[in-house]
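What follows is calculated from the coordinates using simple rules that are stated; it is not laboratory data. This structure is a prediction, so every number in the text was calculated from the model and none was measured. Here the Cβ positions follow ideal geometry from the backbone for every residue, glycine too, while neighbour counts run over all protein chains shown.
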Amino acid sequence: METHGSEEARQPAAMTVGDAIVAAAAEESRTEARVTSEAQAKNEPHAQSGAHAATGANIASPPKPVAHGRPIVITSGKGGVGKTTTTANLGAALADAGQNVVVVDADIGLRNLDVVLGLENRVHRHLLDVIEGKSTLDDALVRDRARRTLNLLPAAQNREKDDVPTDAMLALINDLAVCFDYVLIDSPAGIEKGFRNAIAGAKEAIIVTTPEVSAVRDADRIIGLLPPDIEAKLIVNRVRPALVKKGTMMSVQDVVEILRLELLGVVPDEKDIIIATNRGTPVIDVEGSETGAAFRRIARRLLGENVPIPDMTAPEGFVERLKTSLGLSKSQARRA
Amino acid sequence: MPGTVYVVTSGKGGVGKTTTTANLGGAFAKLGRKVALVDADIGLRNLDLVLGLEKRIVYDLVDLVEERCQTRQALIRDRRFHELYLLPASQVKDKEAVTEDQMRVAMRKLAATFDIVLVDSPAGIEHGFRNAIAGADQALVVTTPEVSAIRDADRILGMLGNRRARLVVNRVRPDMVRAGDMLSIEDVKEILGREIVGIVPDDEEIIDTTNRGEPVVLDGSRRLAKIYTAIARRLLGEHVPFANLSDDGLLDRLRRLVIGS
């Protein structure tokens with residue numbers, strides 16, 4: 001397959017960003033089709049029964065339980081935009097609202113969700129142990145100290161993403177959705193096997209991005225890779241209102257216009273988050289924190305409440321440049 | 001003598017690999033070195049945006065390793081510098097499009113004509129990371145003074161084999177270090193046990209210059225430009241003392257004057 005579609009398109013002068021975007025879109029739709037058909041193949045009954053064998057007999061009690069929980073993947077493409085922080089805080093806020101929650105660390109080899117929740121000393125079994133039948137789910141789950149309905153399924157630190165078969169991941173998430181109201185899956189950065197595993201069992205996706213050109217570009221790529229049956233919503237993280245007003249940071253409206261996703265929430269940047277993360281306490285527990293308040297509002301929106309999103313107005317600027325790079329300038333408004 | 005190939009990597013994403021690659025590349029070029037920057041983040045490229053070269057991409061790394069173009073055709077010259085070139089990543093392929101052997105061959109070719117080759121690694125420890133380190137002689141591990149970034153850096157250091165690895169500590173906030181809310185440089189050094197070649201403060205300028213595609217090193221009078229130049233000189237073997245990061249506020253200066261510490 002040619003990178004830029006056809007040999008004609010490869011003539012240096014004739015090659016425009018628009019061409020590249022068209023070629024990219026074509027390739028992405030092929031990828032989507034493949035991901036979907038794989039997912040369908042994995043919903044076959046034999047995959048299900050295999051899962052129960054792998055995750056312990058305690059779950060597979062007759063009559064066959066119905067998955068009522070919502071498996072939601074938190075992903076971004078770019079690293080360091082706040083996936084793990086979002087997962088931990090939404091998990092904690094949903095637990096506070098009385099929901100039964102499990103947060104799943106899908107970053108095999110580079111786990112961090114345990115540190116952010118302050119649970120690293122309680123981890124003794126992990127996701128791969130469960131998949132490989134070395135541990136029951138009950139033994140691997142780490143219960144949070146303060147919140148009795150918040151549970152962590154940690155990642156293995158000394159293994160690789162390639163060790164996890166995608167169908168086993170799908171089956172595991174299906175099992176978790178039987179026992180929990182919310183299954184929040186913390187995806188690794190990138191678009192490799194770890195990402196594909198993280199989205200395997202998800203029915204919804206929360207795309208986390210920051211108002212920076214590189215993060216928005218990566219988010220756009222990720223959205224194109226999600227299978228169409230996953231409903232995606234957007235969190236714009238690390239917004240610095242002062243910079244937006246100065247015109248050196250993209251506004252939330254700019255980001256939404258480029259990515260065309262429903263906005264689930266806007267989270268301001270504060271140093272509270274660094275302090276809270278280093279201490280292993282969710283920022284929603286920091287009194288007076290705007291960042292924490294924003295995560296609590298997002299959790300309420302997930303629960304179906306109508307909570308308005310505070311407005312952050314901003315001027316135009318370099319935004320046009322990013323839109324052009326993504327093929328979204330006015331002459332190329334293809335993506336309705 | 002062939003040039004040196006450095007991989008710029010971190011484990012954790014978003015700690016500043018791409019920004020470091022762009023600015024160090026610019027700093028080396030300003031010091032008269034012939035520099036090639038390689039974006040190894042196939043499928044999620046960003047080095048082109050940070051350098052403002054995104055509209056000039058014709059061929060990319062995948063084209064080069066698959067021999068659909070010559071090295072000089074794939075390299076984009078950044079005319080704002082004397083000799084700085086970008087080898088962009090493909091955006092529509094994935095990391096499996098390139099093998100470690102192909103990367104080794106491509107990097108050896110670049111090192112034959114360039115003094116310095118900086119390879120911008122993707123986040124994580126998957127195939128893309130292994131490709132990025134495959135052809136590298138040495139490593140620059142970028143981290144921030146945060147628990148999760150340090151933990152990931154520690155994991156990465158264990159995967160670099162016998163390559164010499166040095167640290168760039170990015171996004172340091174002296175006020176937070178003093179308040180005890182952030183790990184200090186000494187803490188980072190003690191935990192990771194490697195030489196630190198750069199300490200870069202957290203600066204809003206980076207967001208702005210990245211969004212505009214103008215590396216901060218372009219303007220030599222800026223504080224961050226001086227810091228990146230110092231890192232480049234340390235990598236070239238010079239002894240350059242570290243600047244004091246803490247003179248960043250009137251209040252701090254006043255406090256030192258009054259308390260005398």
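A few remarks follow.
- Count of the range A:174-208 residues, restricted to those that are among the small types (Gly, Ala, Ser) and within 14 Å of chain B (Cβ to nearest Cβ), is 5.
- Selected residue [surrounded by 21 or more Cβ atoms within 10 Å (Cβ to Cβ), assigned to a strand (DSSP E or B) and out of contact with any Phe, Trp or Tyr (no Cβ under 6 Å at 6 or more places or on another chain)] from A:265, A:292: A:265
- Set B:150, B:125: member being more than 14 Å from the chain's Cα centre (by Cα), within 11 Å of chain A (Cβ to nearest Cβ) and not in a helix (DSSP H, G or I): B:125
- Candidates A:311, A:254 - the one that is over 19 Å from the mean Cα position of the chain (by Cα), in a helix (DSSP H, G or I) and among the acidic types (Asp, Glu): A:254
- Test: residue in the range A:209-223 that is surrounded by fewer than 23 Cβ atoms within 10 Å (Cβ to Cβ), assigned to a helix (DSSP H, G or I), within 14 Å of chain B (Cβ to nearest Cβ) and within 15 Å of the chain's Cα centre (by Cα): yes
- Every listed requirement among (1) of a type in the set (Gly, Ala, Ser); (2) in contact (Cβ under 8 Å) with a residue 60 or more places away in the chain; (3) away from every other protein chain (no Cβ under 14 Å) is met by residue A:140 save one, (2).
- Of all residues in the range A:224-253 being among the charged types (D, E, K, R) and more than 11 Å from every other protein chain (Cβ to nearest Cβ), the one that is farthest from residue A:203 (Cα to Cα): A:245
- Residue match in the range B:69-77 (condition: surrounded by fewer than 24 Cβ atoms within 10 Å (Cβ to Cβ), touching a helix residue (DSSP H, G or I) at 6+ places or on another chain (Cβ under 6 Å), under 24 Å from residue A:216 (Cα atoms) and of a type outside the set (Gly, Ala, Ser)): yes
One line per residue, one yes/no per condition, for (1) of a type in the set (Val, Ile, Thr); (2) part of a helix (DSSP H, G or I); (3) in contact with a Leu (Cβ under 9 Å, 6 or more places away or on another chain); (4) away from chain A (no Cβ under 14 Å):
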| position | (1), (2), (3), (4) |
| --- | --- |
| B:36 | no, no, yes, yes |
| B:49 | no, yes, yes, no |
| B:58 | yes, no, no, no |
| B:63 | no, yes, no, no |
| B:67 | no, no, no, no |
| B:89 | no, no, yes, no |
| B:119 | yes, no, yes, yes |
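- Checklist (1) closer than 21 Å to residue A:246 by Cα; (2) among the small types (Gly, Ala, Ser); (3) away from chain A (no Cβ under 12 Å) applied to residue B:213, failing item: (3)
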